[in-house]
Amino acid sequence: MATKISNAAMFGLSPENMSSHEHLPLELDSSFLNTSTIIALCVFFALLCACIIIGHLLEENRWANESITALLLGLCAGGVVLLVRKGESSHLLKFSEDLFFLYLLPPIIFNAGFQVKKKRFFKNFSTILLFGIFGTVISFCIISLGVFWIFRKIGVKSLSLKDHLAIGAIMSATDSVCTLQVLSQDETPFLYSIVFGEGVVNDATSIVLFNSVQTLDFHNIDGLTVLKLIGTFLYLLFTSTALGIAVGLLSAFIIKTLYFGRHSTDREFALMILMAYLSYLLAELLNLSGILTVFFCGIVMSHYTWHNVTESSRITTKHAFATMSFIAETFIFLYVGMDALDIDKWAESKASAGTSAAVSSTLFALVLVGRAAFVFPIASILNCVQKRESSKIHFKQQFIMWWAGLMRGAVTIALSYNQFASYMRKSPESALMITSTIIVVLFSTIVCGSVTKPLIEAVLLRHRKPMVSDFTDNVSLEELRVLLLESGDPSNSNNNQPARRASSLRLLISHPTTTVHYFWRKFDDRFMRPMFGGRGFVPFVPSTPTGAADESSSA
């Protein structure tokens, strides 16, 4: 019976809605195929189709995007369900964090790593890490301290220290999905790269911080508690990344060595999907960050594994991963919209409208302050370090980065449920935290999300000549190779003395990212690609054009 209840809860169903029949699972009237399950699936799939159609019609609209469309459709569908059931019960709209973390989030994050423009991503890698890791930690500290100080004045006094720290991690998770729908990779490549990279790293960092908070014992707080928190955070960060890289390399080695494509391209595609998902499950099994693991697994697979499969598999995987990610994203916003009208949690909070508004306003104000506290200072520090004017992040870009990161989404709601749902019936303030989180998500997504695209057009003037180039004049790899071989002192160019090789350390200081990329490319070409394949590796498959050409040439 427990398995049947969990299967029903996966689709937002409650035990009360399940059939009372206790037949064998193979019978057609079993609880897994009851009417409530079929109705829930029909509603969600119909709404998914409606979101795709409406999103296509609103593609050029300045004020709407698919995330907002899905959220509003979810709210409307939730209202219809409440009317049909006369407001008696809304358990059909129950949010399941297991469904989100196990089935919906992995394809989104994996596709983000698989489709990322690696050259631009790693070109701005140091900037992305500063905003994504250090920025998130700063936001976490400010929100946690603000909640601890302000909530007591509002009257919310029953939350523990772990709850306050958890709220800081929950509210630090941005919604990069909605943001990237209004940013153009072609018109604003630098901003897109920074916001995209920071969004993924931010989500991973927030979840790592959340998991770190859960592992600590706050009943015995001493001077080592902060050090333990930092140590746990760094451990989860590096081990999760290493696991994702290891699984990605293993998939590349297996596919390159065994040549699955000579018999079946379906096996190649299936193995890539299963190993990517396996990396996420292994990370969760080992209490690591599944988001960080599957993200770097996607990057490694796109760099090595994808080039080892046949041409037909390359086309299939690219579109299949993007499609699964798109459906999962839309499903999440529909789910969040419908869950927002779950009247049970609003009743269990037992909070007045004034208290609920005060808590929600406090949380969103802390989000505003927490993001501003690291975006502008970190950007100013980077501007002081950068020598080139074109490499600096101007104030208009800083403002867009600050605004684009204000939206909160499904990760925030899922973490909030993870922290407070089990205590919701015992503590009304736990239910208040969930409802306040929903208000923040709805407000930030609908209001901030609808204003972002017009704001970008007004502030950045993207239809005019850009004021700042997106690092296009940085030294290239070929120029760096010449610098490494030529003399570092131009005064010696007219003498007969042999040219002195430029110092690698000096080049690393002057062009750190490009220099690291240059030496990585040399290491990659010499050691990694011969073992794991990658660009330039063409598997011999007789059914492919490459294989046919090889056969004709050998004949």
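The values are calculated or read from the model by the stated rules, or taken from the named source; none is laboratory data. For clarity, every value in this text was computed on a predicted model and none was experimentally measured. Quick reminder, even Gly has a Cβ in these numbers, built from the backbone with ideal geometry, and neighbours come from all protein chains shown. The protein model used for the area step is the full one, side chains on, heavy atoms only, and it has no ligands, DNA or RNA in it. Shrake-Rupley method; radii C 1.70, N 1.55, O 1.52, S 1.80 Å.
General remarks:
- Checking Thr35, Thr3, Thr69 one by one, the residue that is over 26 Å from Cys448 (Cβ atoms) and either modelled with pLDDT of 75 or more or in contact with an Asp or Glu (Cβ under 8 Å, 6 or more places away or on another chain) (or both) is Thr35 and no other.
- Flag for Ala322 being in contact (Cβ under 8 Å) with a residue 60 or more places away in the chain and surrounded by fewer than 21 Cβ atoms within 10 Å (Cβ to Cβ): yes
- Filter result for Ile255 (among the hydrophobic types (A, V, I, L, M, F, W, C), free of Cβ contacts under 8 Å to residues at least 60 places away in the same chain, out of contact with any strand residue (DSSP E or B) (no Cβ under 6 Å at 6 or more places or on another chain) and part of a helix (DSSP H, G or I)): no
- Residue under evaluation Val369, criteria (1) open to solvent by 60 Å² or more (accessible area, probe 1.4 Å); (2) without any contact (Cβ under 8 Å) to a residue 12 or more places away in the chain, criterion not met: (2)
- Enumeration of residues in region 49-61 that are under 24 Å from Ile439 (Cα atoms) and either exposed (fewer than 15 other Cβ atoms within 10 Å of the Cβ) or touching a Leu at 6+ places or on another chain (Cβ under 7 Å) (or both): Cys51
- Within region 142-155, the set of residues being of a type outside the set (Phe, Trp, Tyr) and either without any contact (Cβ under 8 Å) to a residue 24 or more places away in the chain or crowded, with 16+ Cβ neighbours inside 10 Å (or both) comprises Ile142, Ile143, Ser144, Leu145, Gly146, Val147, Ile150, Arg152, Lys153.
- Members of region 139-162 found to be of a type outside the set (A, V, I, L, M, F, W, C) and modelled with pLDDT under 90, listed by number: Arg152, Lys153, Gly155, Lys157, Ser158, Ser160, Lys162
- When region 335-360 is filtered for residues that are buried (at least 19 other Cβ atoms within 10 Å of the Cβ) and in a loop (DSSP other than H, G, I, E, B), the ones remaining, listed by number, are Ala340, Leu341, Asp342, Ala351.
- Residue in region 286-303 that is out of contact with any Gly (no Cβ under 8 Å at 6 or more places or on another chain), open to solvent by less than 30 Å² (accessible area, probe 1.4 Å) and hydrophobic (A, V, I, L, M, F, W, C) present: yes
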